[in-house]
Amino acid sequence: MSSSAVPAASAEHVRLLVASPDPDFRKVFTTRFADSSEFVEEAVSGAHALTKLESNPFDIFVIHRNLQDLDSKEVAESARRRFAGLDVRLIDSRAGAEQISDELCRQPSPKAQQPEATPKSGSSFPRSVSDAGPLPGMVGKAHAIQHVYRLSRLVAPRDTTVLITGETGTGKEVVARAIHELSPRANNQFVVVNCAAIPETLLEAELFGHARGAFTGAVQARIGRIHMAHGGTLFLDEIGDLPLGMQAKLLRFLQDGEVQRLGSAEVFRVDVRVICATNVNLLECVKRKQFRQDLYYRIAVFPIELPPLRERTDDLGPLADKFLAELCRTAGVRPKKISASSLAFLRQAHWAGNVRELQHAVERAFILAGEEPQLHVEHFSRTDDSPL
């Protein structure tokens, strides 16, 4: 049941969120409360559940201990810490789910939870996760980006496969690098592959490597990008542009953890954490038979969606200041400032290119300002005096 189809919590309605990868476990609750005043929403993973908690009020949160993406205790502690009054239940089995569902039917309806304003003292939940400080290389305090910080810090210590989605220019590679830097793999390679930038005829050799003489021009053997990432992280950008033939080969690698170079019978076992990113709706691609469904569920174990810049306009100033400071430092000049009128002018823009477009706009204005200590509206405006 989607969140848009469920009425908001009221005195008459109790809302349950059930998180489990097992559909039969979730069905215990959806069936039991189908004809009552309780409304049940389902989450297939810990990340899915955390996203729903951010967006809607719930009274009861039932968590299957057998979550596949996150530690169920960490998910429970996060929910208790951030939402006062939320009734959180950890359950081991379907039998336990049936017992709890019966208990919930007999107990008085709890009041819908509200976000907790002040963290409880003495909580055992890791400070770095609960505080959701900015990720390495990122700035901003908007609610939408704070959610990205929290999810990224939760998943960083694990080897879980992550799928980062969002519009072009929202910073998907920055988030992927931050997850790598916060992980136990930080001292090893972070290898980037842009699936849209490599010709299909060369993509297999780039990913898996090739033996000498495997094809015309292969004058010497070469290991692939996957092998290069051994012990570290492989970032597959624009995964939605991966050809169907390569999707099957990538799926096999994700299942087996083995690499076979093109033109060679040798098989190498590698230890690689995979993070993928895309600006397209992969589920729509699955429906159109452009992306394999089995591969989608393999890479989307832990989805993180990045918000567009227009949904975090309060962060526009800090982001612009960060880019300007970097430009001044690189150029070896004294720090410059952005005028208040310029910031007001920038807030009028739509920012279709998101954070990357803002970065380029600041760079252009920095160049046009020359020796001036401050960037003004005329440095940002185009010839028609419209925002960017």
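The values are calculated or read from the model by the stated rules, or taken from the named source; none is laboratory data. Treat the numbers as computed from the prediction; the structure is a model and nothing was measured. Here the Cβ is made from the backbone with ideal geometry for all residues, glycine too, and neighbour counts use every protein chain on show.
Report, ordered by the first and then the second residue, all pairs with beta carbons closer than 9 Å, sequence separation of six or more or different chains, a first member in region 41-59 that is among the acidic types (Asp, Glu) and at pLDDT 85 or above, and a second member that is crowded, with 18+ Cβ neighbours inside 10 Å and in a loop (DSSP other than H, G, I, E, B).
Partner pairs satisfying both residue conditions: Glu41/Phe58; Glu42/Ser20; Asp59/Ala9; Asp59/Leu86; Asp59/Ala112; Asp59/Gln113.
Can you find even one residue in region 285-305 that is touching a residue at least 12 places away in the same chain (Cβ under 8 Å), in contact with a Ser or Thr (Cβ under 7 Å, 6 or more places away or on another chain) and over 22 Å from Ser45 (Cα atoms)?
There is no residue in region 285-305 that is touching a residue at least 12 places away in the same chain (Cβ under 8 Å), in contact with a Ser or Thr (Cβ under 7 Å, 6 or more places away or on another chain) and over 22 Å from Ser45 (Cα atoms).
Could you grab me the full set of residues in region 1-21 that are touching a Lys or Arg at 6+ places or on another chain (Cβ under 8 Å) and modelled with pLDDT of 90 or more?
Of the residues in region 1-21, the ones touching a Lys or Arg at 6+ places or on another chain (Cβ under 8 Å) are 3, 6, 9, 17-18, 20.
Correct list: Leu17, Val18, Ser20.
May I ask you to say which residue of Leu306, Leu295 is at pLDDT 90 or above, under 17 Å from His48 (Cβ atoms), under 20 Å from the mean Cα position of the chain (by Cα) and surrounded by 14 or more Cβ atoms within 10 Å (Cβ to Cβ)? Give the steps one after another, and end with the answer.
Details: Leu295 fails: under 17 Å from His48 (Cβ atoms).
From the options Leu306, Leu295, the qualifying one is Leu306.
Can you pull out the residues in region 267-284 that are without any contact (Cβ under 8 Å) to a residue 40 or more places away in the chain and among the acidic types (Asp, Glu)?
Glu284, the sole residue that qualifies.
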